[in-house]
Every structure is written in structure tokens, then in C-alpha cells.
Amino acid sequence: MLYSEEILGTLSDDKFKDCAVDYVDIDWYDAFKKLHRKKTQSGKEIGLQLSNEILTKGLQQDDVVCMDGDTAVAVNIPACEALVIRVKDPHMVAKVCYEIGNKHATIFWGETDFEFITPLDLPIKALMEKLGVEVERKVVKFDFKKRISSSINAHTH
């Protein structure tokens, strides 16, 4: 089993340019967890025990979590079903974000200032439709650099 306690960099770093790549799939909702035991796409077992920093930063697409000889083991955040919400009236932006936040759902910026993305949640879809905003169910790859939520899956009462 391969084991790591830190992120070594990203695939775009020069030190990994000549490396082969073996991806490990980490679902978006697991990207902010400290402990992982997974298999890479080639079948190698890996264990991750990351620091508390990961609770706010999260694992990102193409983060290199360990090396296996000349092969970089990198994170792949698979695409998943989501709601793409498009707001036409700028005055509705605050209402839409409030309602999604009130459900403790994760929210990301979309392609424009008036587009938001949240993981698939049918009650949120129904609520957005009731508010009169455009909602599209779509498979997307979440980009954590565009997250609006301050942290993901870290909410407690």
C-alpha cells in the first residue's frame, strides 16, 4: 500500500512533467476529509492521512498525493449530477444564494456572475423553480476554486 501525509504539488508543477500519472478518484464530498483509503485507477491501494489544513483547502483536481517510482498518483474529482441555476434578475441573486445556503448546500460560481452550481438536490430544484429561476440538471465537474461556500461538509450545529 502507498501511504502519504501531504500533498506533493500539482501535475502542472515542473517536477511532475516527465512522470506517468495514475489517478485516484475522490468524490467531491470526500475532498475535505483527512483520512482516505482508496484504489487508484490502475488498482494500487493508497492511504492518505492529511493534516487539518485539508479541512478548509480540500483536495483539488490534479493534486499529487504520492509517488510510486516515476508515477505520480494524482487526485481526480469525478463529475457528478448537479443543478445549474441561472438568475436573470440581479435582485434575485441574494435570494437564491440565501435559500441554497439555508439548506446548508454547497454552492459554486457558474460560468457567469448570474449562474450558480449546487449538487443535485431535488427539494432545492423545486424551490428554485418556485422562485422562478432557470434550473438545469446537468453532470458537471466541480471546480473548488469557484466555491462560494466557505467550507464543504464542515457544518455543525
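The values are calculated or read from the model by the stated rules, or taken from the named source; none is laboratory data. Bear in mind that the values here come from a model prediction, so they are computed numbers and not experimental data. Every residue, glycine among them, receives a Cβ derived from its backbone with ideal geometry; neighbour counts consider all protein chains shown. SASA here: full protein model, heavy atoms, side chains in, ligands and nucleic acids out. Shrake-Rupley method; radii C 1.70, N 1.55, O 1.52, S 1.80 Å.
Data table
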read-out: Which numbered condition residue 39 misses (of (1) assigned to a strand (DSSP E or B); (2) in contact (Cβ under 8 Å) with a residue 24 or more places away in the chain); value: (2)
read-out: Residue that is least open to solvent (accessible area, probe 1.4 Å) [pool: residues in segment 37-50 that are farther than 11 Å from residue 3 by Cβ and of a type outside the set (Val, Ile, Thr)]; value: 50
read-out: Among (1) in contact with an Asp or Glu (Cβ under 9 Å, 6 or more places away or on another chain); (2) more than 20 Å from residue 19 (Cα to Cα), the one test that residue 76 misses; value: (2)
read-out: Subset tally (residues that are within 17 Å of residue 13 (Cβ to Cβ) and small (Gly, Ala, Ser)) for segment 27-78; value: 2
read-out: Candidates 141, 95 - the one that is among the charged types (D, E, K, R), in contact with a helix residue (DSSP H, G or I) (Cβ under 7 Å, 6 or more places away or on another chain) and surrounded by fewer than 16 Cβ atoms within 10 Å (Cβ to Cβ); value: 95
read-out: Selection status of residue 125, out of contact with any Asp or Glu (no Cβ under 8 Å at 6 or more places or on another chain) and closer than 20 Å to residue 28 by Cα; value: yes
read-out: Candidate set: segment 42-61, residues that are within 12 Å of the chain's Cα centre (by Cα) and outside any helix (DSSP H, G or I); chosen: the one modelled with the lowest pLDDT; value: 58
read-out: Residue ID - nearest to residue 54 (Cα to Cα), chosen from residues in segment 139-157 that are modelled with pLDDT of 85 or more and aliphatic (A, V, I, L, M); value: 148
read-out: Qualifying residue in segment 82-92 (condition: assigned to a strand (DSSP E or B), buried (at least 19 other Cβ atoms within 10 Å of the Cβ), touching a residue at least 24 places away in the same chain (Cβ under 8 Å) and of a type in the set (Gly, Ala, Ser)); value: yes
read-out: Filter result for residue 57 (under 30 Å from residue 1 (Cβ atoms), surrounded by 12 or more Cβ atoms within 10 Å (Cβ to Cβ) and in contact with a strand residue (DSSP E or B) (Cβ under 9 Å, 6 or more places away or on another chain)); value: no
read-out: Restricting segment 8-36 to residues that are open to solvent by 50 Å² or more (accessible area, probe 1.4 Å) and in a loop (DSSP other than H, G, I, E, B), the residue that is farthest from residue 142 (Cα to Cα); value: 18
read-out: Of all residues in segment 107-153 being more than 13 Å from residue 81 (Cβ to Cβ) and among the hydroxyl-bearing types (Ser, Thr, Tyr), the one that is farthest from the chain's Cα centre (by Cα); value: 112
read-out: Some residue of segment 103-118 being more than 30 Å from residue 20 (Cβ to Cβ), open to solvent by 30 Å² or more (accessible area, probe 1.4 Å) and hydrophobic (A, V, I, L, M, F, W, C); value: yes
